[in-house]
Amino acid sequence: MPTVALVAVHGMGETPRDYAAGVFGQMRSRLGPDLRERLACYSVYYQGILQKNEQMVWDRVDTQSKVHYDDLRRFLLFGFADAAGLENRKEIPGSVYELAQGKIARNLLGACTANHAMPVVFLAHSLGCQVLSSYLYDAQKARAGGRVEAGVWRDIDGWARTAMGRVLSEREKHYLAGGTCSGMLTTGCNIPIFVAAHRNMHIKPIAPPTPIFRWLNLYDPDDVLGWPLQPLSEEYRGLVEDRAINAGEGAVNWMLKSWNPLSHSAYWQDDAVLAPLAGMIRRMIE
C-alpha cells in the first residue's frame, strides 16, 4: 500500500498530459527499489479546459496577421490567457476557476481512496502555484465556516453530487481540503503577480495544514515569472522558505537556459529541485 502521495500541478502555457512523467520517474529512481512502491503519484491537468479556445485564437492570428516573434507570442498567448481565464468571472458556476479546482479535488479523492491517512506532498509550478494556493485557501476558509465566493469549496457537497454523483464523507472532505498535506514545493511561483494590487492586510497565505507542514519555494533570479514569497507579508515570511537556484545549470542546458528567462521551463529537470523534493518525500515515508 502506498504511504505518501505526490500531487503535481502544472504551470501556464501549452502542457502535455504526461507533463509530470519525468519528475515522477526521478522520484521513484531516487527512492530506490525498497521505497518506490510506497509512493503514489497524481498529476492535476487543467490545461485541457483552456487550450482549445487558446488554439482557436492563435490559429486566427497566425493565419490572418503578419506578426513577428511567433514562439514568444505563442507562449504569451497561451500562458497569460490561462491566468486571465482562471480569474475572469470565477464566481460563476462552472467557471474555469471551479473546473480547475475540480481537477485538484478529483486527484486528492483518488489519493484518499488509496489510503485515507496518506500524507500529501504537493509539487506546483508557475501558475499552478496560484491555482493550488487558491484551492487550499478556499478549502480552509470553507472548513472553518467562512463564506467562499467561487470554486468547488463554495458548495463542496453540491460539487460532489454533480461531479461525483454522491456525497463525500467527512473524512474525504478533510482529505480534499489538504488536511494531510505535509509538504509543498513550488517552482517559478508567480503568486506575487496575483496579489500585488491587494492591500497589505489582505495578502494572506494558507494556514499550515499539518504541524509538520513545510513549504519550500524555489525560484531562479533570471526567471521573470518566478518570485520569492517571503517579502509579501509577515505571514508568508513565517510560512515559506525561499531558495534562489540556477534552474537549468546542467552542462547541456546551461548555455540555453540558466542565464535567461527560459529558465522558467527548466526547474523540474534540475537537481536543485529534484533533490529536496525527494528528501521531502523520503522523510514522510520513513
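The values are calculated or read from the model by the stated rules, or taken from the named source; none is laboratory data. Just so we're clear, the structure is a prediction, and the values are computed from it rather than from any experiment. No Cβ is skipped: glycine too gets one built from the backbone with ideal geometry, and neighbour counts run over all protein chains shown. The accessibility values were calculated without ligands, DNA or RNA, using every heavy atom of the protein model including side chains. Shrake-Rupley method; radii C 1.70, N 1.55, O 1.52, S 1.80 Å.
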Hits in region 1-22 (condition: within 14 Å of the chain's Cα centre (by Cα) and modelled with pLDDT of 90 or more): Leu6, Val7, Ala8, Val9, His10, Tyr19, Ala20
Val273, sole failed condition from (1) farther than 21 Å from His10 by Cα; (2) at pLDDT 95 or above; (3) open to solvent by less than 50 Å² (accessible area, probe 1.4 Å): (1)
Test for Glu249: is it surrounded by fewer than 18 Cβ atoms within 10 Å (Cβ to Cβ) and at pLDDT below 95: yes
Pairs where the first residue, in region 119-141, is open to solvent by less than 10 Å² (accessible area, probe 1.4 Å) and the second is part of a strand (DSSP E or B) and not aliphatic (A, V, I, L, M), C-beta under 7 Å, 6+ apart: Val120/Cys181; Val120/Ser182; Val121/Ser182; Val121/Gly183; Phe122/Cys181; Ala124/Thr186; Cys129/Thr186; Leu132/Phe122
Positions within region 99-112 being at pLDDT 95 or above and either open to solvent by 10 Å² or more (accessible area, probe 1.4 Å) or not polar (S, T, N, Q) (or both), in sequence order: Gly102, Lys103, Ile104, Ala105, Arg106, Asn107, Leu108, Leu109, Gly110, Ala111, Cys112
Answer from Ser169, Ser133 - the residue that is of a type in the set (Ser, Thr, Tyr) and farther than 27 Å from Ala244 by Cβ: Ser169
Selection within region 144-173 - surrounded by fewer than 18 Cβ atoms within 10 Å (Cβ to Cβ) and under 25 Å from Asn115 (Cβ atoms): Asp157, Arg161, Ala163, Met164, Gly165, Arg166, Val167, Ser169, Glu170, Arg171
Restricting region 25-44 to residues that are under 15 Å from the mean Cα position of the chain (by Cα) and of a type outside the set (Gly, Ala, Ser), the residue that is surrounded by the most Cβ atoms within 10 Å (Cβ to Cβ): Val44
